[in-house]
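Only one structure is covered here, and it is reproduced in the block below.
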Amino acid sequence: MRIVFAGTPEFAVPCLDAVLASGHQIVAVYTQPDRPAGRGRALAASPVKQRAIAAGLPIEQPENFKSVASRQRLVDYQPELMIVVAYGLILSQKVLDVPLHGCLNVHASLLPRWRGAAPIQRAIAAGDSETGVCLMRMEKGLDTGPVYLRRALPIASDETGGRLHDRLSALGAELVAEGLHHLASGTLPAAQAQSEHGVYYAHKLVKREAVLDLERPAIELERQVRAFTPWPVAELNLGGERLRVHAATALAATGQRVPGEITHADRDGIDIATGAGVLRLLRVQRDGGRPITAQEYLNARSDLRRA
């Protein structure tokens, strides 16, 4: 088949590799335009673009498909199938209708739960016990299309956003390979419409969400820390200093404490009272510094030690 692949972040790279390994012809790779990145704000290619360059694939980077010229460019590739993985654009029906076999999307959740931009982090923050990947047929709505294949995996009690991202990315690549095999052999299962019940939207992450509200229960804050690792990274104010929190755990508490109060601090961690329970900080980062253990931090902040 003549395939167009559309994706942008690191999550999509294993799926692109799966298509490359399938033996089908990738006639073009669509990815977001280069964006400013790093302290120098120089333009940087997306991970998908970097992989496409290494593989010698044609690359297209339209801002969108609103112009007739951008849609005609896609038509000119004569794609039989378009595979979309975290591309970053909502595709119009005019675009979805171009490929002969339509457009397939890899989505990192068990639909209809966690439609939208940040399903991995939202699943952890919500305390879900499992998540997974779906291979779905795209339609005009946001992640509303019928599902061909789905695979579930458990969310570990210490799962971080970064680790779950990598696991789901690899699982998505397996699903792409399986879907292409079934499609080429005419054995692709019938697409199953999504349930109208259990629909949740995984809204895009924003940095202001990173601030920990110590009025909330410790278990929710622990999940927030794990979900937001490695980005945007949870943060709080401790002893007059802004700290980013890379690792923390929730503990039971005895007695009444004011949320935000340091109840204990030693080499095991820094315990902070919350709305329910205690949040123990295990790994933190000062402004301009690197992530360090709580013990390393206390070596510089002996004023915070509590017996």
For P62, net neighbour charge (Lys/Arg +1, Asp/Glu -1) across residues whose Cβ lies under 10 Å away: +1
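Which value in deg cm²/dmol, rounded to the nearest 500, describes the helix-derived mean residue ellipticity at 222 nm for the chain, given -39,500 (n - 2.57) per DSSP H run of n ≥ 4 and division by the residue count? Display every interim value, and only then the final one.
Numbers: 8 runs with 80 residues, N = 307.
So the calculated ellipticity at 222 nm is -7500 deg cm²/dmol.
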Structure-derived Rg/Rh (Cα atoms, Kirkwood Rh) - corresponding label in (1) 0.98; (2) 1.06; (3) 1.01: (2)
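Run the count for the chain, please: Lys pairs, Cα-Cα under 21 angstrom, 8 or more apart or on different chains.
Working: K66/K94; K66/K140; K94/K140; K140/K204.
The number of close lysine pairs in the chain is 4.
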Potential extension, E261-R242 segment - 0.36 nm per residue separation minus Cα distance: 5.3 nm
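Normalised by the number of residues in the chain, what is the relative contact order in percent for Cα pairs under 8 Å and 6+ residues apart? Let's see the in-between values first.
Working: 661 pairs, mean separation 40.9, N = 307.
Relative contact order comes out at 13 percent.
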HN-Hα J in Hz across region 125-136 - Karplus 6.51, -1.76, 1.60, θ = phi - 60°, x for Gly and Pro: 4, 7, x, 4, 8, 8, 8, x, 9, 10, 9, 10
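Loop-only trypsin sites (Lys or Arg not before Pro) in region 12-72, please: DSSP not H, G, I, E or B, and at most 12 other Cβ atoms within 10 Å. Walk me through the numbers before you get to the answer.
Working: sites: R39, R41, K49, R51, K66, R71; in loops: R39, R41, K66.
Those satisfying the criteria are R39, R41, K66.
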Share antiparallel - DSSP beta bridges, region 208-304, percent rounded to 5: 90 percent
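For S157, what charge total do you get from the other residues with a beta carbon under 14 Å from its beta carbon, if Lys and Arg give +1 and Asp and Glu give -1?
-2
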Using θ = phi - 60° and Karplus 6.51 cos²θ - 1.76 cosθ + 1.60, couplings along region 83-98 (whole Hz; Gly, Pro as x): 10, 10, 9, 6, 6, x, 10, 8, 8, 6, 4, 4, 6, 4, 7, 5
Span from the region 244-286 Cα centroid across to the region 141-168 one, whole angstrom: 30 Å
Under 5 Å, built H, 5+ apart or other chain: amide partners of I26: I3
Nearest 10 degrees, 0 to 90: helix 218-227 Cα axis against the chain principal axis: 40 degrees
Amide H contacts under 5 Å for A44, placed H, 5+ residues apart: R35, A37
In order through region 102-115: 3J(HN,Hα) via Karplus (6.51 cos²θ - 1.76 cosθ + 1.60), integer Hz, x for Gly, Pro: x, 10, 9, 10, 9, 10, 8, 6, 9, 4, x, 6, 6, 5
Beta bridges per DSSP with both ends in region 1-83, % antiparallel, nearest 5: 25 percent
Relative contact order, percent, region 208-304 [alpha-carbon distance under 8 Å, six or more residues apart]: 27 percent
Sequence-distant residues sharing a close amide H with A6 (under 5 Å, placed H): Y30, I83, V84, V85
15 Å beta-carbon shell around A108, net charge (K/R +1, D/E -1): +1
In degrees, nearest ten, helix 161-185 long axis to first principal axis of the chain (Cα): 20 degrees
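Run through the DSSP bridge list for the chain and note the antiparallel percent, rounded to the nearest 5. Can you show the working numbers first?
Numbers: 39 of 58 bridges.
Of the beta bridges lying entirely in the chain, close to 65 percent run antiparallel.
The numbers here are math on the coordinates, done by the rules we state, and not lab data. Quick caveat, the model's predicted, so the values are computed rather than measured. Backbone-built Cβ (ideal geometry, glycine too); neighbour counts: all protein chains shown.
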